[in-house]
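J.: Before I ask anything, here is the structure I am working with.
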């Protein structure tokens, strides 16, 4: 048997240990290959495709490639740590340090080559479905038809062959074989129970509390200023949480006899106590990487949701027209004719209402920059109610001596006071000398493009005098029209009437068109990060499998039953999988809460969807791994 055959057979004999490394590497190759398919797709070479999509794909591919390097390097290092005894036996049989390095080099090249080929093949199999998904998510006019991606295959193959070659050279170069006795007994030598500093444990708790407190306390633009300090504080706190605080808490639980001696808790806590030193770094990496994935995807999804809902809040009508200050009646009539012609062309039936927006001088005319400098809008209740009826808003019926302050629904939190606060402090003077003091403040979607305004009784409105300025506002609410019809009508209106007309469906379409690629790319990168985090846990778990088999084989001889064995092993695997993920979910929830306070916008639904989806994936992953892990341990005991 040649040395190359020996390396090949060695990989086959250790297939259980290498399978996660191989599958994770293959998945990473497949993701990179998918981005390459997009980047070299013929449709992206046409001018009709947004260049931001191509640029985003290129950047994402670069991020995945760089991350893949460190991920594969870490994975390979974990495998080498679990093979100390094997290296010791090879040295006893006469293998030199150079031969062991060559063996590691050949094994890694072999796995890397087949992972690259498998990743490309898997990408080709799923490419049609992924292209169909991307075509809808990216919202592009061109069809992303299937094509044979020759350039993508060449780029992916060359890139990852180079990556695996560099990692193989680096790993074989830095490989240290240590002394023979250390290699033979490396997995049997106790590292001793880790110690925890009380001061550092308290410091870890204080850092996390301070980081969470600041993130949840600040509002508006202050969230951005606090972001970097909070990230640094929480990151340091997370590291100390796993290296100090968790060790301290485990020791406290061990000292509590009622807990420690209860059923199989002794096995669980004793194992945790000795393993935390090895697991702390892995837990920290998984928690931080998962937090990045949760926060990135949650932020992108939340921001897209915020933008679309903000558009609906500002302009709830299907179409809205506002004249310019210097427009004549003839220009306005001509514009309305164009709008009605386009609606007729797209077969859109709509209800139309119009009113003249009148602005009046008030004592707060120049006080608040949120208000218009040409006065404050005052609308009579009959006009307000006509517009409210179109979108089924509640009507307002103020008394003759009453003024109601109206502000935007879901108004964005700004630095300083809202317009409604200044409006409520002011007064309205009528021509007969009567002074109206504003009363209630309500939120409404009617005329919500105005930051704040008054609604008064029709009789009081007639006594306001001459307005300082006026503007014509006309709205259309479509009846039974499809989204494609209203989007196309909005596109035509934007081309012909520029900024005078706004279409809610077309505006949302444009937002999704610009934001879709970012969300799509962020989702893929987040998935790569999350899968990599799960792979780190898998490597950590199966690295110690042989030691676990010996331990439970010995414990079974003194009376451990099969049900107790399954329970103990399941608990250990659950703690390994969920301890860092739970921390990451809490970090992500705090980060998304801070984001919601930045925009003063409720992101509970979006946050729950993102965090819940990742939690569900982790639970499924845990259940699958637990089945195979318990089966392996049970087999060694029987």
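The values are calculated or read from the model by the stated rules, or taken from the named source; none is laboratory data. Just so it is clear, the model here is predicted, and its values are computed rather than measured. Note: ideal-geometry Cβ built from the backbone for every residue, glycine included; neighbour counts use all protein chains shown.
J.: For the structure I just gave you, tell me whether residue 328 is surrounded by fewer than 17 Cβ atoms within 10 Å (Cβ to Cβ), out of contact with any strand residue (DSSP E or B) (no Cβ under 9 Å at 6 or more places or on another chain) and modelled with pLDDT of 80 or more.
T.: Details: surrounded by fewer than 17 Cβ atoms within 10 Å (Cβ to Cβ): yes; out of contact with any strand residue (DSSP E or B) (no Cβ under 9 Å at 6 or more places or on another chain): yes; modelled with pLDDT of 80 or more: yes.
Answer is yes for this residue.
J.: Could you please give the count of residues in the stretch 204-221 that are in a helix (DSSP H, G or I), under 22 Å from the mean Cα position of the chain (by Cα) and crowded, with 16+ Cβ neighbours inside 10 Å?
T.: Number satisfying all stated conditions: 5.
Here is a yes/no grid of residues against (1) out of contact with any strand residue (DSSP E or B) (no Cβ under 6 Å at 6 or more places or on another chain); (2) part of a strand (DSSP E or B):
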site: 447; (1), (2): yes, no
site: 450; (1), (2): no, no
site: 455; (1), (2): no, yes
site: 459; (1), (2): yes, no
site: 465; (1), (2): yes, no
site: 470; (1), (2): no, yes
site: 473; (1), (2): no, yes
site: 477; (1), (2): no, yes
site: 484; (1), (2): yes, no
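J.: Just to check your reading of the model, which residue among 503, 535 is modelled with pLDDT under 75 and buried (at least 22 other Cβ atoms within 10 Å of the Cβ)? Talk me through it step by step, then tell me what you get.
T.: Values: 503 fails: modelled with pLDDT under 75.
Selected residue: 535, the only one of 503, 535 that is modelled with pLDDT under 75 and buried (at least 22 other Cβ atoms within 10 Å of the Cβ).
J.: Among the residues of the stretch 373-395, count how many are buried (at least 20 other Cβ atoms within 10 Å of the Cβ) and either over 30 Å from residue 333 (Cβ atoms) or modelled with pLDDT under 85 (or both).
T.: Residues meeting the conditions: 0.
J.: Find the residue count for the stretch 303-325, including only residues that are touching a strand residue (DSSP E or B) at 6+ places or on another chain (Cβ under 8 Å), outside any helix (DSSP H, G or I) and over 17 Å from residue 498 (Cβ atoms).
T.: The number of residues fulfilling the criteria is 2.
J.: Of everything in the stretch 277-288, what is surrounded by fewer than 21 Cβ atoms within 10 Å (Cβ to Cβ) and either farther than 11 Å from residue 583 by Cβ or free of Cβ contacts under 8 Å to residues at least 12 places away in the same chain (or both)? Give them in sequence order.
T.: 277, 278, 280, 281, 285, listed by residue number.
J.: Looking only at the stretch 424-445, count every residue that is within 19 Å of residue 387 (Cβ to Cβ), over 33 Å from the mean Cα position of the chain (by Cα) and either free of Cβ contacts under 8 Å to residues at least 40 places away in the same chain or surrounded by 20 or more Cβ atoms within 10 Å (Cβ to Cβ) (or both) and tell me the total.
T.: Taking the stretch 424-445 and keeping what is within 19 Å of residue 387 (Cβ to Cβ), we get 440-445.
Within this subset, residues satisfying the condition of being over 33 Å from the mean Cα position of the chain (by Cα) are 440-442.
Those still in the list that are either free of Cβ contacts under 8 Å to residues at least 40 places away in the same chain or surrounded by 20 or more Cβ atoms within 10 Å (Cβ to Cβ) (or both) too: 440-441.
Selection size over the stretch 424-445: 2.
J.: Mind checking which residues of the stretch 402-427 are over 25 Å from residue 598 (Cβ atoms), at pLDDT below 85 and not in a helix (DSSP H, G or I)?
T.: 426, 427
J.: Taking residue 565 and the conditions (1) over 13 Å from the mean Cα position of the chain (by Cα); (2) surrounded by fewer than 16 Cβ atoms within 10 Å (Cβ to Cβ), which numbered condition does it fall short on, given that it satisfies the others?
T.: Residue 565 satisfies every listed condition except (2).
J.: Please specify each residue of the stretch 40-58 satisfying the condition of being modelled with pLDDT of 70 or more and in a helix (DSSP H, G or I).
T.: 42 - this is the single residue of the stretch 40-58 that is modelled with pLDDT of 70 or more and in a helix (DSSP H, G or I).
J.: Among (1) surrounded by fewer than 21 Cβ atoms within 10 Å (Cβ to Cβ); (2) touching a residue at least 12 places away in the same chain (Cβ under 8 Å); (3) assigned to a helix (DSSP H, G or I), there is one condition residue 297 misses while meeting the rest; what is its number?
T.: (1)
J.: Kindly indicate whether residue 521 is surrounded by 16 or more Cβ atoms within 10 Å (Cβ to Cβ), modelled with pLDDT under 75 and under 30 Å from residue 490 (Cα atoms). Give the steps one after another, and end with the answer.
T.: Values: surrounded by 16 or more Cβ atoms within 10 Å (Cβ to Cβ): yes; modelled with pLDDT under 75: yes; under 30 Å from residue 490 (Cα atoms): yes.
When the stated conditions are applied, residue 521 passes them.
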